[in-house]
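> Mind looking over this structure? Questions follow.
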Amino acid sequence: MNITAGMALKLIPEKLQTQPVFLCIDDTMVSKFGKKFEDVSKLFDHAAHNGSNYLNGHCFVSVMLCVPVWDKNRIHYLSVPLGYRMWQKKESKLDLAASMVRQAMPELRTKRNVIILCDSWYVKKNLVSIVDEYENLDLIGNARSDSVIYGLPPQRTGKRGRPALHGKKLSIQNDFTLPDEKTGDYYMAVRRVLTNIFGKRTVLAYVTSADKAEGSRRLFFSTVFPEQLQIFCAWQEKSPLNQTGSSRMQFIPLMLYVFRWPIEVSYYEQKTFWSLCSYMVRSRRGIEMLVNLINISYCAMKLLPYQDEAFFKYQTQSVQEFRFALSEQIRQQVFYAIFVEKVETHIKSNAIIKALKQLIQQQGYHL
């Protein structure tokens, strides 16, 4: 896990060293028909399409690291899954995710801004409290719309009595005024608040809606403030982050939440093309080792085009396309190597050997 993180961090160009890096946290489920797998259980899956919201299988918590790299004079964030941990009932997914973040943080200690991105399941005390353990760690996450939030405490009046710990209770429907103009695809409002989840820490609360009049509203929290970020908005690949003007600077932390989506893409790719769900090992240790071995192979295909100039053209292509191209070249190399060995053993023809060696060198050059 830390080795993969270290390799990804080395890809950050010198001019982008001050840009934030992201740790995306999420979990995915793997359905299994057998009941003899260790720690297999009945799981609730809100995205299941099998006629029931429950499935028999395993749940894996994972962490993904997103680092900035150049892509045609634009800043592109390369997403690299660091590892998987199987969830067991004796330990909550929040504690499991927190332990994975703690394991990765030593590699990220030199970065100015490390930001955790997570959905509403993980915006709870067990996980968000970890941001107080590291000076360079913050969190941006979607929260339940019914989360209790308060305004900032009023100024002290000098009168007798205990000062208020917080202001009045706020409602995302009535206390956040949406502007007349959309930012990207949503109307956005923001204010500084206090909430039970973050204790005494002041955070930014963002409320968004696709329809100002009748649309449902979503709530996001951010422990990082715009003035704490040094981000090159104009060079960003993604919109509307690259369209941010001075009037929209306050919404930059919320716009960074878009970098959480690649973890969903990696789940789809690994399940569909990398046989992540096809394991037949029964023990928990064996399953974790196999799943992480698949993940290491997946990460290698993502990192190699940025490490070796021979594979530079595959940076903008999918991991699956690069894997296919690489496997084809390996297959050809193995075929020619075996053919040369047979020729040397049986024919002993110097002319044929010389021609085949030249062909192998040419194939290696064009790889």
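> Mind listing whichever residues of region 136-165 are free of Cβ contacts under 8 Å to residues at least 40 places away in the same chain and either of a type in the set (Ser, Thr, Tyr) or surrounded by 10 or more Cβ atoms within 10 Å (Cβ to Cβ) (or both)?
Asn136, Leu137, Pro154, Thr157, Pro163, Ala164
> Any idea which residue in region 9-43 is nearest to the chain's Cα centre (by Cα), counting only those that are crowded, with 20+ Cβ neighbours inside 10 Å and closer than 19 Å to Met105 by Cβ?
Cys24
> If I filter region 45-64 for residues that are in contact with a Pro (Cβ under 8 Å, 6 or more places away or on another chain), under 27 Å from Ser278 (Cβ atoms) and not hydrophobic (A, V, I, L, M, F, W, C), do I get at least one hit?
Yes, region 45-64 has at least one match.
> Follow-up question, since we're still on this one. Is it fair to say Tyr84 is under 16 Å from the mean Cα position of the chain (by Cα), among the aromatic types (Phe, Trp, Tyr) and either at pLDDT 90 or above or not assigned by TED's automatic domain parsing to the domain that holds Gln270 (or both)?
yes
> Residues Arg285, Arg323: which one is within 27 Å of Cys59 (Cβ to Cβ), in a helix (DSSP H, G or I) and without any contact (Cβ under 8 Å) to a residue 12 or more places away in the chain?
The match here is Arg285.
> For region 166-214, enumerate the residues that are hydrophobic (A, V, I, L, M, F, W, C), in a loop (DSSP other than H, G, I, E, B) and surrounded by fewer than 20 Cβ atoms within 10 Å (Cβ to Cβ).
Within region 166-214, Leu178, Ala210, Ala213 qualify.
> Condition check: outside any strand (DSSP E or B) and either more than 22 Å from Ile25 (Cα to Cα) or within 20 Å of the chain's Cα centre (by Cα) (or both). Does Ser62 satisfy that?
So Ser62 fails the test.
> I'd like the residue in region 44-55 that is among the hydrophobic types (A, V, I, L, M, F, W, C) and surrounded by 12 or more Cβ atoms within 10 Å (Cβ to Cβ) and, out of all such residues, is modelled with the highest pLDDT.
Ranking the candidates gives Leu55 first.
> Considering (1) out of contact with any Ser or Thr (no Cβ under 7 Å at 6 or more places or on another chain); (2) outside any loop (DSSP other than H, G, I, E, B), say which one Asn142 fails and leave the rest.
(1)
> To continue, here is another question. Of Leu276, Leu293, Leu303, which residue is part of a loop (DSSP other than H, G, I, E, B) and either surrounded by fewer than 17 Cβ atoms within 10 Å (Cβ to Cβ) or not β-branched (Val, Ile, Thr) (or both)?
Leu276
> Arg260 - would you say it is at pLDDT 90 or above and surrounded by 17 or more Cβ atoms within 10 Å (Cβ to Cβ)?
yes
The values are calculated or read from the model by the stated rules, or taken from the named source; none is laboratory data. All figures in this text were calculated on a predicted structure; none of them were measured in a lab. In this analysis, Cβ positions are derived from the backbone assuming ideal geometry, glycine residues included, and neighbour counts consider all displayed protein chains.
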